[in-house]
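The values are calculated or read from the model by the stated rules, or taken from the named source; none is laboratory data. Keep in mind it's a predicted model, so treat the numbers as computed, not measured. Neighbour counts are summed over all protein chains in view; Cβ atoms, including those assigned to glycine, are modelled from backbone coordinates with ideal geometry. Remember, those area values only see protein heavy atoms, side chains included, never the ligands or the DNA or RNA. Shrake-Rupley method; radii C 1.70, N 1.55, O 1.52, S 1.80 Å.
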Amino acid sequence: MRTAESPRPTRRTVDTHCPYCALQCGMTLSRGAGTEVAPRDFPANAGGLCQKGWTAPALLTSPARLTTPLVRVAGELRPASWEAALDLVASRLLEIRAEHGPDAVAVFGGGGLTNEKSYLLGKFARVALGTSQIDYNGRFCMSSAAAAGVRAFGVDRGLPFPLTDLAGADAVLLAGANPAETMPPFLQHLRGAGAKGGLIVVDPRRTPTAEQANLHLAPAPGTDLALALGILHAAVADGHMRQSYADERTTGFEAAWRIAAAYWPEQVERITGVAAADQRRAAELLAGARNAYVLTARGTEQHATGTDTVSAWINLALALGLPGTRGSGFGCLTGQGNGQGGREHGQKADQLPGYRKIDDPAAREHVAGVWGVRADSLPGPGRSAYELLDVLGTEHGPRALLVFGSNVVVSAPRSAHVTERLSALDFVVTADLVLSETSALADVVLPVTQWAEEDGTMTNLEGRVLLRRKALDPPVGVRTDLAVLAGLARRLGQPEGRFPADAETVFTELRAASAGGPADYSGVSYDRLRAGEALYWPVPGEAHPGTPRLFLDGFAHPGGRARFVPVRHTGPAEPPDERYPLHATTGRVLQHYQSGAQTRLVDELNDTVPEVFVEVHPDTAERAGLAEGGLALVSSRRGAVTARVRRVGSMRRDVVFLPFHFPGEARANLLTNPALDPVSRMPEFKVCAVRLSKEDGAE
Ligand code: SF4
């Protein structure tokens, strides 16, 4: 591995966006003595940046940066030329495909990839490889909210309104979200509701976000669905239901109510631990507000019942008449940088660009026409992310895997098993910035550009399409992901020009492929974005101004009505028992992002939180003999993690918390349960049964 040379600037100052989360804070990169960042007055962040954004330039000069392809020889990764590496990848993929069929090659993408990369990766899988086996890590993050949004509203856009609308809210209920740590500048949009006494936070932990709430509801992990039913019950029973809205704009209330009627607040208190009076108070605050919002995030979604849990919160919002009403609404806070755009353009197992379904004959015809192939040559739906990882290297599973923009060894649930499956493959290729834990297992590692070194578009959590401009030349030896795909496609026999390497050219093709689909980008162009237009999809034509607010005139279902969905509480897939008596929940800390592959390289971030820890109530710690700062062994049925003890008085006595950013034996995902939501196929990251003991040899 070579040390990255200092990047050379192509311009002195460039307006761009942060490399990390879905808030996509506006920032300016400038090059003087070094590369510096400054916040920009962009509506999503209004001049704010978190510590991750401020320190992002350190990624550009990290000594850990890869600058030459690596090929495994005699068990070791050794430098190779691009020609040799790409030739090897293409020839091995062709061999494996010839021997085992096209589905023997799988592709795994990421929610941080630009729209152009997500699009080209999906096309590469279906056209150049002919495989149905493609999915991505957004399946782990946002798929339950997406499924519930489609079910209720007919289309999924995380926030169907601009973030700045939240400033006018009198009440906001935030379920399973901790933006004070995950996206701090977002909090300024909640100030209005907080000042009016209407900020309600639902979280089993007293997080920094919950600290700021006017009302904090702390349900036992895995009982959020029951809590939403209890608040819905209170709202209806106490006369807060907006009957005229339900009659005119929705269907299905009666069926949903038949279940919710059995979840009166005292009953829900027994299930969740949240006082009945607090449930009624939450209903009153939302119903009494002139403008109110219900917002959900990973804490709601990452369950084996995640889709139903989001539906339960949507039912509450519908009963109160919020969605599609100006100044009010329901939304999901998307997490990954391009979590929204990444789920729209075809890297998902069941999807084609423009948020089209791959099993829809009309969608196949349209997209195949844009790609210049026959519709019947496109494969059908493949396996979802965990199901794909679970069968790697098995008799009926793929024999080879290409990974772009994901670090599954750290971020997938039951990660020891996933590592084992990767090791069973005949051939693994990654495109990566640094030698991540997943790349360390690969046969070929291709060094690619990042964030400020390439052009590309991202779609933020509001559905606004953003241009992230190239600010610096990449280090010598590094190529863009698009160039990698183009080079491989050529070697796999694709005609010249079918896989362009230029981002704007790819985007032009994406526009055509998305035209007429739910996420229609056909009217978005680089020129309009360069001119600073705020374009929220759908944008079905060059003269169309975009759609900042969806649903004001009707929902996307035929007939224009939103749908209540009847849902009931079933609880976590793995309830605590005598052997594993505690709930473990996982999440993020301010200083790190996702698997930590990037933020662990930034000294300022890593020095602040350098290792995994476990938050535990002092009484629970006492019973396990654990002192503050000592080491605990946290064990589940799938594995064990040694973590530094933090005794936190506000924790529930039945819950421990671990962040999931750390590698090796510190992976919180060694513990997590891959039980899947039946609709979204999202794993149950947010709750599993564990026990706590003193680590042998601990001080
Ligand atoms: S990590 Fe998110 S909140 Fe922090 S600066 Fe980047 S985009 Fe903004």
Only one of these is surrounded by fewer than 24 Cβ atoms within 10 Å (Cβ to Cβ) and β-branched (Val, Ile, Thr): 334, 325. Name it. 325
Taking residue 523, is it assigned to a loop (DSSP other than H, G, I, E, B), open to solvent by less than 50 Å² (accessible area, probe 1.4 Å), without any contact (Cβ under 8 Å) to a residue 40 or more places away in the chain and more than 29 Å from residue 52 (Cα to Cα)? yes
List, please: which pairs have Cβ atoms under 6 Å, are six or more places apart or on different chains, and start with a residue in region 95-108 that is among the aromatic types (Phe, Trp, Tyr) and end with one that is open to solvent by less than 10 Å² (accessible area, probe 1.4 Å)? 108/403
Can you spot a residue in region 408-431 that is in contact with a Phe, Trp or Tyr (Cβ under 9 Å, 6 or more places away or on another chain), assigned to a loop (DSSP other than H, G, I, E, B) and on the phi > 0 side of the Ramachandran plot? yes
Tell me which residues, restricted to region 61-115, are in a helix (DSSP H, G or I), among the small types (Gly, Ala, Ser) and buried (at least 18 other Cβ atoms within 10 Å of the Cβ). 85, 90, 104
What's the total number of residues in region 215-254 that are part of a loop (DSSP other than H, G, I, E, B), buried (at least 17 other Cβ atoms within 10 Å of the Cβ) and out of contact with any Phe, Trp or Tyr (no Cβ under 7 Å at 6 or more places or on another chain)? 9
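Let's see how each residue does on (1) open to solvent by 10 Å² or more (accessible area, probe 1.4 Å); (2) out of contact with any Ser or Thr (no Cβ under 9 Å at 6 or more places or on another chain); (3) part of a loop (DSSP other than H, G, I, E, B):
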site	(1), (2), (3)
117	yes, no, no
126	no, no, no
167	yes, yes, no
177	no, no, yes
181	yes, no, no
194	yes, yes, no
200	no, yes, no
Spot the failing condition for residue 285; the list is (1) more than 27 Å from residue 162 (Cβ to Cβ); (2) open to solvent by 10 Å² or more (accessible area, probe 1.4 Å); (3) aliphatic (A, V, I, L, M), and only one is missed. (1)
Looking at region 32-60, which of the residues that are in a loop (DSSP other than H, G, I, E, B), within 12 Å of the ligand (Cβ to nearest atom) and not hydrophobic (A, V, I, L, M, F, W, C) is most open to solvent (accessible area, probe 1.4 Å)? 40
Consider only pairs whose beta carbons are under 6 Å apart and that are at least six residues apart or on different chains; among these, list those whose first residue lies in region 15-40 and is closer than 20 Å to residue 177 by Cα and whose second residue is assigned to a loop (DSSP other than H, G, I, E, B) and of a type in the set (Ser, Thr, Tyr). 20/593; 22/334
Determine which member of the set 226, 235, 256 is within 27 Å of the chain's Cα centre (by Cα) and modelled with pLDDT of 95 or more. 226
Wholly inside region 562-655, strands (runs of 3 or more DSSP E) that include 2 or more residues that are surrounded by fewer than 19 Cβ atoms within 10 Å (Cβ to Cβ), among the aromatic types (Phe, Trp, Tyr) and over 26 Å from the mean Cα position of the chain (by Cα) are none
Does residue 150 satisfy being open to solvent by 10 Å² or more (accessible area, probe 1.4 Å) and under 19 Å from the mean Cα position of the chain (by Cα)? yes
Residues located in region 380-398, provided they are of a type in the set (Gly, Ala, Ser), open to solvent by less than 20 Å² (accessible area, probe 1.4 Å) and in a loop (DSSP other than H, G, I, E, B): 384, 393, 397
Need pairs with beta-carbon distance below 7 Å; first residue on the phi > 0 side of the Ramachandran plot and within region 354-376, second crowded, with 22+ Cβ neighbours inside 10 Å and in a helix (DSSP H, G or I); sequence gap 6+ or separate chains. 354/513; 354/514
